[in-house]
Structures are given as C-alpha cells and as structure tokens.
Amino acid sequence: TIPDAMLLWILFASMLYYTERDSLDEEMAMYYKTIPDAMWITLLNLSGECPLAHYSSIGKVIVGIISLFATAVFGVPIGILGAGFEELVTSEYEDSPDEDANVDPALDGPSFRSVQTACYQFVNGIGSKAATAFELSIYFLIGATVSIGVLQTVPGYEDTFSAVETFAIVIFTIEYTIRFIGAGADPEFANGSNGFMARVKYIFSFYSIIDLMAIVPFYVALYMPNSWIDQHDEYLRMARLFRLLKLDKYVPSISLVDDVLRLKKKVLVVASYAAVTLWILFTAAMFEVEKNDDEIEIDPLPLYGCFEDCSMSDRYNNYFNSIPLTGIHLTGDFPLIEYGARGRVILFFAVIAAVGVVSIPSGVIASGFAEIVQTRNKTKGATEKDAGAVAGDDWYDINYRKLEGQPPPPSIFGPRMDALQIKAKEYLDGRVDETTGLVSRTQFSSIGRLLFFSLIITNVAAIILESIPEIDRHVGNASGNFFDVFEAFSVFFFTADYLLRLFSAGKSREALYSPWVYSRTFFGLVDLVSILPWYIQVALTSTGHVISGDEAKIFRIFRIFRVLQLEDFIVAFTKLDNVFRASKDVLKATGLMAIIIWVGTSALFFIFEANNPNFRECDGSIPLTGTEDEPGCYDFESTLACNEFYPDMCSQAFFTHMPNTMFYVAVFLGGEWGVVDFTWQGKFVCMFLCIAGIALYSIPVGTLFDAFGAIVGLCEEEEEDEGEEVEESPLVEYN
C-alpha cells in the first residue's frame, strides 16, 4: 500500500505541476513552480485538504479525481498504522467498566415531609400533568434564553427580548427555590442526611452552581447598577449559556464524561502517552525549523509583535505558540501552508506517521461515550419482537411484515379491475415468483425500467447543464426552447408512472395494498414533488401570471428532487428514518453534548478573540501603529475604542458577535481551521478542541453512520439469504 500511495502522490504532483506552473494566479504559480513544490500541495490534497482553489479547468478535474478516489487509496497506509496501534493497545488493555455506573438511585430513604416530596416530584416532572408541563416549560425557556443571549451580542440587538429574559429569570428563580426545598426528598442528597445537610449538599452541587451562575448576575446588576458586574454585563451575559448544562439533568451527557474516562482509562493512558509524545516531538521540530523561516510573507500579527513584513517565524516565535499550530496539523488540517522546505518535510512525516496515532485518544473517548450511552439506554426487561424486526422499525415496517403471505384484497370494481391492477404492478415492479422469490420481467417491462432510469439521469444532467451560463444563453429563454420541451416530455412520463403506481397500489404489498398509503410513502412523495411544480407553473402561466426570474429558479430547484427517484433502484434515503429511530437514545445525549460544546466554546472564543488585533482591519488612512496623540490601528485595546477615535473606520474580521463566532466554531468542530492566530486564552480553547472537543462533537454523526451501516447491512444480509435459498432456481420469463 505504501508504494501505491507514493506512486499516486508523485503522479498527481507531476500532473498538477504541468497544468498549474504557468497559472495567471501568482499564488498558484508559486506553489507549483517545481515538482517538489507541487508535491507539498498535492500531499495536502491527498490527505483530504484543498488549501488552494484557483485551478485551471484541467487542474480542477485532477483535484476532483483526487478528492473522489485517490484520497481513499492514499489514506490506507495511515489508516492501517492508526488501526494497528489502536488494536494493539485495546487488546492489551481491556476496558474497566464502572460497576456502579448504571445503578440509578431509588427513593428508599427515610420518611420525608409531604411538602419536600411534593416539591421534588413537581420540579422533576413526576406525578402530575402540571409537573410535566412545568418541566417542558423549563426546556423551552432554556432554549429561548440561550438563543436570546446569542442574539443580544449582535450590535443593535443588545436589549432585544429583555422582557423574556426577565420573565425567564423569575421562573428559574422559582425553580431553584422549589429544588432547594425538595432537596430533602432528593435521593442524590437526602440519603443518610437530614434535611438541612441535604440542602447544603444541593447548594454546592454541580447543577446548583450552574443555576446560580445563570441567575445571580441578573440580580446583582439590578440592585447594584454601577457595580463591576454591571460594567461587564456584555461578558456576564455569556453566563446565560451555562443554562444549557441544566438540560444535563434530564438527558445525561456531559455528566457521563467521567464514566467514559473510567471505562477507557487503561487504553487512554497508553494512547494519550503516545499521542502527547508525538505532539511534543513534532512541536519541537516545527519550532526549530520555523523560528527562523522568513521565506514567505504573511499578514501582520500585531498580537505577536509583528506589524509588517511578517513570516512564519512570527507564528513559531516560541514553543508555546507552536503547540496549537502543530496540534491543528496533527488533527489532519492544514490552514497554514506557507512553510519552507524543512517544515514541509516534517509535516510530511506528521501526515504519514502521526495523524493516525494522535487521533486514537479522541476516537477512544468517542467510542466509550457512545458505548456508555447505549448501555444506559438498553430497555430493561426485554420485550418480544416479531420475527424479522429490525432496529428503527416504525408502523410501516411492522404492518409490511404482517402482510407477508397474504394475498391483495379484491377490487370493489370486480375481477377485470383486479387483472388490470396486477398487470400494471407487474409492468412497474416485475412478477415475484412465490416459490423462489425471484423477480422476473417481460421484455416490455425491462425496456420501460431502463428508459425510466435513463430519463432520471438525463433530467439531472439537464438541470446541471442549464445552470451553465454559456449553455443557457445558447439555448435561450424563449418559450418552447429545448429545455422546456424536454421538461414537458419528462413530466408526461413521470406523471404516467405516478398514476400507474397509484392505480396498482391496491395490489402492491410495498404500498400496504392502499393508494393512500403509497401517496404518503417516501416514493409517493418524491414522485409527486417531481411533477407537481411543473403543473403549478403551467397553471400560473395559463392565468396570465408572468413567471419572474426568481420564481422560475424555484421551480427549477424542485426538479432536482428527481434524483431521489433513483431510490427505486438503489435503496438509501428510505432507511434514514429507521436510522434516526434506531439511534435516538444515543442522539439525545450526544446531540445535547455537541450543542453544549459548540455553544460553550463559541462563548469562550467570543470573549477571548472579539478584540484580537490580529483580526482587526482599519481604513488605509490609519497607520498600523502610531503615537500617543495619534494612535494606530493596533494600538487600541478594542475595536470599539478604535471606532470611537476613528469613527466607522475600524472593523473586526472574525468573532464579532456570537452568531458569527458560532459559524467559525462550527467549522473548527468539523475539523477545519480557517483562523489560527489566537490570543493565548484562545490557544487553550483551540487545544481542547484538538484533544477532545472535535471527537465528542462528531459522536452524533458517527452514531448515525454506524446505525445506517447496521440497518443497510441487515437488509443486505436478508437479500443474500433469500438469494442463497433460490440460487439453483432458474429465472422465470413471461410474456
């Protein structure tokens, strides 16, 4: 595999060298001026990164091939190395499950007064509809106040929905009071303690501190208008975001992290030691080779003491600053590419040898978290399932299995209608032999299926071609042009297919022998959406309504849904609802944790980076640095102060408010780092994301992939089993 990967690397680097060395884009030409230079960027392309984009037409095709196919082949050696190390570690160090991790406390403490018990049950949604409604209202208020807190960081919206925030504070205060009273009946605090000590334990508990952080600043600012808290209200508003952690009471997520660490502690110790060692070694190497690298000029870095003529040596000016940059590269991302020859060589070994190993602790944490959540959500007391049940089955799957072996009901219009419906069904889906289970088609049916498949493909191709301005201008927008005629032709056949399927649904088990059921299935809705917009457009035109350009675009967009009709040939999206149901328990916990990590780290980046001078931009008339009487762009502590001195002439490029920050952090959590020149506080947040945040954030997506693979795999196994049973049976043809 290594020779194959090296061959691909050299081959694609050489091809891109010849296509891009004479590029009119100076940056492209610089990075492809020699084959060794081309090998550096091609290495990043093969590792899944594409830091440059202004390729020639042929270059775009080559990079597209790299993205689709070559990346997977090139990643095999890296995957084998990482998987081999992980297998070795996990085989030698087994998990250490916490025996008490899955034991829920029981209400078996001493007798408590009815008021305490009533308060405990009410605030936890136990015993009455009012309690359930109160609990749901807390969910809603948490989501609403977090959203308001994010919105109020946008300039001009500082006081928007303040009344809602005040109302929420009152409700949260009432909730805290009820919890405080009910702590004497809460088994977490009351067992072995009297009422007083139970309340003391509650006050110093994790959730109590979160509650107090979310409400106390409001009262302090209200009753002490000129206090320090009131003066720093902009940042203390971020404390509202801690309310998300309150949801952990109802859907355990963050509180399970310690269980994960105990479960995987032996593997984590070994894997983390290897990862940290590699991180330290590669950081030292990058610091040594880049601290004097002045080859390529980069943007000013005033926070690091460089105002002009900056280079990579300013980023790697000390070992600490080198740590997060190297950590980002070891996660497989390369937002920085302006390295000299020695730095490129070191990063080559980082890509080949270290990325797979360094990612193992993150993967171990992610798998451990999913394992614990799945274990905790196993149904106690197994319930009987019907034969053939698959995880994620809903009412349709259950009723479909019930119809196995049952003949379709007769039509109310008599046997002649039954015969027509059966013929239509056999034309669309073929005839299923009851003894062998094989599907056979007439020649007419096979040709029709092939033509329908071709029509779907050509429709998608037509939509793509129509979006190309040169082709669109050549064809023209006059009524009756080629695309309009082809669209009408396509709609005719799609409509005929849809009507035939409705007509034959009474004889189709897939439609549960019901046209109404078919119209609500995935296939029925897709078939309808693929034709309905055309009829609406024709109806509007016939009434004299002139279709505007924007309206025409909307109708064209709906046509792309025809690609989903390929689902009739290759099953994929129809299994997604099963996937969501099969993994809903894990998704609740991991989804909440992902939101908490996203919003929490966004708040930290906003606080630490909102006034980072590295991201500040000023009008060209403002000097970068100045004097006490005439300060420069980078001399101000904040962008607001800069704008007060130079009205509307200073701006911050990134992290300007929470919505803006949340966008960038979402990109970071996806494994892409478009911005890296953080403050020292931001560097710590960056390192947290590199170590654990990205892995924890990706668990929901990984869970969906696992569930999708499991469900599709079960379906394939069923099909294989059916195929093995009838392997020796001849194919039946009929006319």
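Annotations
- In this structure the amide hydrogen of Gly632, modeled in the peptide plane, comes within under 5 Å of the amide hydrogens of Gly626, Thr627, none closer than 5 places in sequence on its chain.
- Averaged over its residues, the stretch 136-207 has an accessible area of 48 Å² per residue, based on protein heavy atoms and a 1.4 Å probe.
- Cross-link table Lys201/Lys246; Lys246/Lys584; Lys266/Lys683; Lys264/Lys683; Lys129/Lys246; Lys33/Lys60, entries beyond 24 Å C-alpha to C-alpha: Lys266/Lys683; Lys264/Lys683
- Percent accessible area from carbon and sulfur atoms, the stretch 149-225, protein chains only, probe 1.4 Å: 76
- The slack in the chain from Leu24 to His474, taken as 0.36 nm per residue of separation less the alpha-carbon distance, amounts to 159.2 nm.
- For the stretch 281-332: accessible area per residue (Å², 1.4 Å): 42
- Cα gyration tensor, the stretch 1-51 - rounded (a/c under 1.5), prolate or oblate: prolate
- Qualifying GluC sites (Glu not before Pro) for the stretch 596-678 [loop in DSSP, other Cβ within 10 Å: at most 14]: Glu628, Glu637
- Of the chymotrypsin sites (Phe, Trp or Tyr not before Pro) in the stretch 168-218, those whose Cβ has at most 15 other Cβ within 10 Å and which sit in DSSP loop: Phe204
- Accessible-area composition of the stretch 1-47, carbon plus sulfur, in percent [1.4 Å probe]: 65
- Under the simplified labelling scheme, the Glu637-Phe348 pair shows an inter-label distance of 4.9 nm, with each label point 7 Å from Cα along Cα→Cβ.
- Ile298 long-range amide H proximity, modeled H, under 5 Å: Cys310, Ser311
- Three-way shape call for the stretch 238-333 based on the alpha-carbon gyration tensor, with the a/c threshold at 1.5: oblate
- Surface composition of the stretch 407-446: carbon plus sulfur atoms hold 63% of the accessible area, using a 1.4 angstrom probe and ignoring ligands, DNA and RNA.
The values are calculated or read from the model by the stated rules, or taken from the named source; none is laboratory data. This structure is a prediction, so every number in the text was calculated from the model and none was measured. FYI the Cβ positions are ideal-geometry reconstructions off the backbone, even for glycines, and counts take in every protein chain you see. Side chains are part of the model used for accessible areas, which takes the heavy atoms of the whole protein and leaves out ligands, DNA and RNA. Shrake-Rupley method; radii C 1.70, N 1.55, O 1.52, S 1.80 Å.
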